[in-house]
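Below you'll find the structure, written out as structure tokens, and then a few comments.
The values are calculated or read from the model by the stated rules, or taken from the named source; none is laboratory data. What you see is a predicted model; the values in this text were computed from it and never measured. Cβ sites come from the backbone with ideal geometry, for glycine too, and all protein chains shown count toward neighbours.
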Amino acid sequence: MQIYRLGNDSGINLTLDTAGSTTQFSDAVNILIIALISLLILLTVGGNTLVILAFFVEKRLRNQSNFFLLNLSIADFILGTFAIPLYVPYLLTGKWLLGKFLCKLWLIVDYTMCTASAFNVALISWDRFLSVTQAVLYRSQQNRPCRTVIKMAAVWILSFLLYGPAIIFWDFVPSTEEIPENICVAGFYYTWYYLLTASAFDFVLPLISISFFNLSIYCNIKKRSRRKMRRINISCNQFSDLSRDKKVAKSLSVLVCIFAICWAPYSFLMSIRAACHGYCIHIYWYDITFWLLWTNSAINPIIYPLCHKGFQKAFLNIGLYVTKANIFPAETYAHCYILS
């Protein structure tokens, strides 16, 4: 008898014995799981779809900072449309029935998108840090789209390189334990030193970075607020910039807390699980931390865009357009035709 853990960090143990039987949930538990996963998918896909649509609908949103938000939403959108739905039948049946190729693809997408989400959060924080602490230099670089594209591409490349090659080639390592056909796990699943190193890059470094950027922004705003108190003559522009930067600091502080809550338990238990082969901590704790990590992709489109008035206005316009299209479809399409 041998026990494996499903998927990237999935939510059920599969026990294989000589008869080939599998453990299954009761009907009530299955219904609850489907309902919760459906809600998670709906929030993840719906929220990130709104962000992506708003970016393309509202031209004023197409600046450097919002390009990074778009990058984050694309990563979270792919998780919601591919990684999570593909996992549902695996969780309910206890078997991977889609073949080895789709297994590898699913693992690569899952790991890469989760890592890209973390890297994008760090990139957004860095961008906000520069906009507050080096405002003049930051504004002078707004008309350089090549740099923005390079940063966005670097996120995807680094995210893939962290786990992708290992998922593809780990099976060729001579000492690797053979995994059954109906189980979909990465070959390094119990290699604690690799997971610990990877966690340092996809969680520890981003967390340190966004914490540093947030603290620096807070100190900068506090310093400027003291100057404002000493000086009676302060221009409207300076006051507006200070007010805007305070909003940035508040949104980033929420970001740090949410990111730490969603990622820390998963990264910590993942390394412990690998070191003790999953026997030292109850399996349900792993399940909770894994789903908490995926939940971060549903929360991201709430944290960032809803703190941005431009996105709020774009969301409202999209909602009004959809409502009008449903009530007066002929007039709406005619209007679109005339505009085109």
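Filtering Phe56, Phe68 for residues that are touching a Lys or Arg at 6+ places or on another chain (Cβ under 9 Å), surrounded by fewer than 20 Cβ atoms within 10 Å (Cβ to Cβ) and not charged (D, E, K, R) leaves a single hit, Phe56. Of all residues in region 274-293, those that are surrounded by 13 or more Cβ atoms within 10 Å (Cβ to Cβ) have Cβ atoms under 6 Å from Cβ atoms of residues that are among the acidic types (Asp, Glu), 6 or more apart or on another chain, in Phe290/Asp9. Flag not set for Asn220, criterion: among the polar types (S, T, N, Q), at pLDDT below 85 and surrounded by fewer than 15 Cβ atoms within 10 Å (Cβ to Cβ).
Of the residues in region 87-140, how many are assigned to a helix (DSSP H, G or I) and on the phi > 0 side of the Ramachandran plot?
1
Being over 18 Å from the mean Cα position of the chain (by Cα), in the same structural domain as Pro301 (by TED's automatic domain parsing), surrounded by 21 or more Cβ atoms within 10 Å (Cβ to Cβ) and of a type outside the set (Lys, Arg) is a property that does not hold for Ala35.
For region 122-144, a residue qualifies if it is touching a residue at least 12 places away in the same chain (Cβ under 8 Å), of a type outside the set (Lys, Arg) and farther than 30 Å from Tyr189 by Cβ, and the qualifying residues are Ile124, Ser125, Trp126, Asp127, Phe129, Ser131, Val132, Thr133, Ala135, Gln141, Gln142.
Let's see how each residue does on (1) over 19 Å from the mean Cα position of the chain (by Cα); (2) of a type outside the set (Val, Ile, Thr); (3) surrounded by 10 or more Cβ atoms within 10 Å (Cβ to Cβ); (4) at pLDDT 95 or above:
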{"position": "Tyr138", "(1), (2), (3), (4)": "yes, yes, yes, no"}
{"position": "Cys146", "(1), (2), (3), (4)": "yes, yes, no, no"}
{"position": "Ala154", "(1), (2), (3), (4)": "no, yes, yes, yes"}
{"position": "Ile157", "(1), (2), (3), (4)": "no, no, yes, yes"}
{"position": "Ser175", "(1), (2), (3), (4)": "yes, yes, no, no"}
{"position": "Pro180", "(1), (2), (3), (4)": "yes, yes, yes, no"}
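No other residue among Ile124, Ile108 is within 25 Å of Ser38 (Cα to Cα), assigned by TED's automatic domain parsing to the domain that holds Val29 and surrounded by 17 or more Cβ atoms within 10 Å (Cβ to Cβ) apart from Ile108.
This table checks each residue for (1) outside the structural domain of Leu42 (by TED's automatic domain parsing); (2) under 17 Å from Leu162 (Cβ atoms); (3) not basic (Lys, Arg).
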{"position": "Leu91", "(1), (2), (3)": "no, no, yes"}
{"position": "Asn120", "(1), (2), (3)": "no, yes, yes"}
{"position": "Leu137", "(1), (2), (3)": "no, no, yes"}
{"position": "Arg147", "(1), (2), (3)": "no, no, no"}
